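First up is the structure itself, then whatever we jot down about it.
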Amino acid sequence: MINLQGTGVALITPFLANLEIDYAALERTIEHLIQGNVEYIVVLGTTGETATLTPQEKESIYNFVTQKVNNRIPLVAGLGGNNTAEIVKQVSNFNIPGYAAILSVSPYYNKPTQDGIYQHYKAIAQASLLPIILYNVPARTGMNITAETSLRLAHDFENIIGLKEASSNLEQINNIAANKPKSFQLISGDDPVTLPMIALGAVGIISVIANAIPAQFSKMVRTCLAGKFTEAQPAHFRFLEFTRLCFADGNPAGVKAAMQHLNLCNDYLRLPLVNVTQPTREKLLVELNKFKNV
């Protein structure tokens with residue numbers, strides 16, 4: 001059972017000017033995250049621009065990250081989609097060493113019913129050799145995983161160990177936190193609500209902005225997990241505008257712009273994503289500079 005307490009990071013995929021994968025920048029980013037004391041890394045989630053990668057590129061990235069991390073911190077593999085049979089096949093064949101769990105996004109575009117979502121995850125859970133983390137992000141998938149469906153899955157399958165919850169629905173989050181199995185790990189899927197979600201019982205966050213500022217963000221998360229919410233509030237408020245700007249022109253365009261300023265990677269994106277506007281970039285860098293001595 002992987003302990004998902006603390007800060008997980010939804011890893012970006014850096015690109016060169018020709019839009020090939022920039023492995024040197026990927027290695028710099030990995031070291032930046034580990035030195036920033038994050039607890040684990042999620043490889044090939046939404047922030048990794050996974051939808052634009054070929055199967056060969058995905059396998060190469062999975063292997064590269066596990067080689068460079070070298071068991072220093074846990075890894076979670078992002079592996080989801082809207083073709084259940086294909087995801088079941090991929091999950092059952094996933095045997096890359098170094099990964100402790102699979103994060104699987106709810107099916108998008110098809111707009112399944114709640115029973116369809118349940119049956120999708122049931123098939124994945126029955127096929128997987130690794131624990132499964134549900135991922136609810138209705139703003140992207142078009143369908144919410146209700147609290148009832150999340151709780152049904154949590155109670156029915158021991159290898160469904162957690163939920164990355166990005167609905168921003170406080171009533172839903174309250175319901176899950178109050179009624180989940182004790183061992184089921186609730187994880188914030190939105191940077192700005194990390195503090196309140198931990199206050200409700202979440203074990204941490206799978207973060208986007210921590211790609212750029214891992215030390216500062218993970219410190220705030222650990223302060224929250226210690227129950228020192230008043231002490232954590234100034235940092236929480238300080239992150240809000242930076243986070244808003246990171247998402248203003250799409251993810252990961254914003255965080256890549258910040259990371260370019262930190263000399264971690266370039267801010268190249270694969271279409272249909274495009275770079276942030278110049279006004280957004282200028283505001284982002286103003287906010288980023290506030291974290292220099294924090």
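Of (1) of a type outside the set (Phe, Trp, Tyr); (2) under 16 Å from Gly45 (Cβ atoms); (3) not in a helix (DSSP H, G or I), Arg140 satisfies all except one. Which?
(3)
Thr280 - would you say it is among the β-branched types (Val, Ile, Thr), within 24 Å of Asn37 (Cβ to Cβ) and either part of a helix (DSSP H, G or I) or in contact (Cβ under 8 Å) with a residue 12 or more places away in the chain (or both)?
no
Just a yes or no: is a residue in the stretch 245-262 surrounded by 23 or more Cβ atoms within 10 Å (Cβ to Cβ) and not in a helix (DSSP H, G or I)?
Yes: the stretch 245-262 contains one or more residues that are surrounded by 23 or more Cβ atoms within 10 Å (Cβ to Cβ) and not in a helix (DSSP H, G or I).
For the structure I just gave you, tell me whether Leu130 is out of contact with any helix residue (DSSP H, G or I) (no Cβ under 7 Å at 6 or more places or on another chain) and surrounded by fewer than 22 Cβ atoms within 10 Å (Cβ to Cβ).
yes
Closer than 26 Å to Val76 by Cβ and either acidic (Asp, Glu) or not in a loop (DSSP other than H, G, I, E, B) (or both), is that true of Cys224?
In short, yes.
Could you count how many residues in the stretch 248-294 are β-branched (Val, Ile, Thr), closer than 21 Å to Pro214 by Cβ and modelled with pLDDT of 95 or more?
3
Any idea which of (1) within 29 Å of Thr52 (Cα to Cα); (2) in a helix (DSSP H, G or I) is the one Pro272 doesn't satisfy?
Every condition holds for Pro272 apart from (2).
Are any of the residues in the stretch 111-118 in a strand (DSSP E or B), in contact with a helix residue (DSSP H, G or I) (Cβ under 9 Å, 6 or more places away or on another chain) and either in contact (Cβ under 8 Å) with a residue 40 or more places away in the chain or surrounded by fewer than 18 Cβ atoms within 10 Å (Cβ to Cβ) (or both)? Before you say what the answer is, go through the steps one by one.
Within the stretch 111-118, the first condition is being in a strand (DSSP E or B), and the residues that meet it are none.
No, the stretch 111-118 contains no residue that is in a strand (DSSP E or B), in contact with a helix residue (DSSP H, G or I) (Cβ under 9 Å, 6 or more places away or on another chain) and either in contact (Cβ under 8 Å) with a residue 40 or more places away in the chain or surrounded by fewer than 18 Cβ atoms within 10 Å (Cβ to Cβ) (or both).
When the residues of the stretch 180-192 are narrowed to those that are crowded, with 19+ Cβ neighbours inside 10 Å and more than 14 Å from the chain's Cα centre (by Cα), which ends up farthest from Thr29 (Cα to Cα)?
Restricting to residues being crowded, with 19+ Cβ neighbours inside 10 Å and more than 14 Å from the chain's Cα centre (by Cα), the top hit is Lys180.
Any residue at all in the stretch 65-80 that's out of contact with any Lys or Arg (no Cβ under 6 Å at 6 or more places or on another chain) and closer than 21 Å to Asp267 by Cα?
Yes; the residues of the stretch 65-80 include at least one that is out of contact with any Lys or Arg (no Cβ under 6 Å at 6 or more places or on another chain) and closer than 21 Å to Asp267 by Cα.
Quickly run through the stretch 1-43 and pick out the residues that are out of contact with any Pro (no Cβ under 9 Å at 6 or more places or on another chain) and either within 19 Å of Asp267 (Cβ to Cβ) or charged (D, E, K, R) (or both).
Across the stretch 1-43, the qualifying residues are Leu11, Pro14, Phe15, Leu16, Ala17, Asn18, Leu19, Glu20, Glu27, Ile30, Glu31.
For the stretch 264-277, give me the residue count where each residue is free of Cβ contacts under 8 Å to residues at least 40 places away in the same chain and either closer than 21 Å to Ala25 by Cα or polar (S, T, N, Q) (or both).
Kept after step one, since they are free of Cβ contacts under 8 Å to residues at least 40 places away in the same chain, are these residues of the stretch 264-277: 267, 272, 274-277.
Filter once more, keeping what is either closer than 21 Å to Ala25 by Cα or polar (S, T, N, Q) (or both): 267, 274-277.
Summing the residues that are free of Cβ contacts under 8 Å to residues at least 40 places away in the same chain and either closer than 21 Å to Ala25 by Cα or polar (S, T, N, Q) (or both) in the stretch 264-277 gives 5.
The values are calculated or read from the model by the stated rules, or taken from the named source; none is laboratory data. This structure is a prediction, so every number in the text was calculated from the model and none was measured. When we count neighbours, we look across all protein chains shown, and the Cβ atoms used for this are built from the backbone with ideal geometry, even at glycine.
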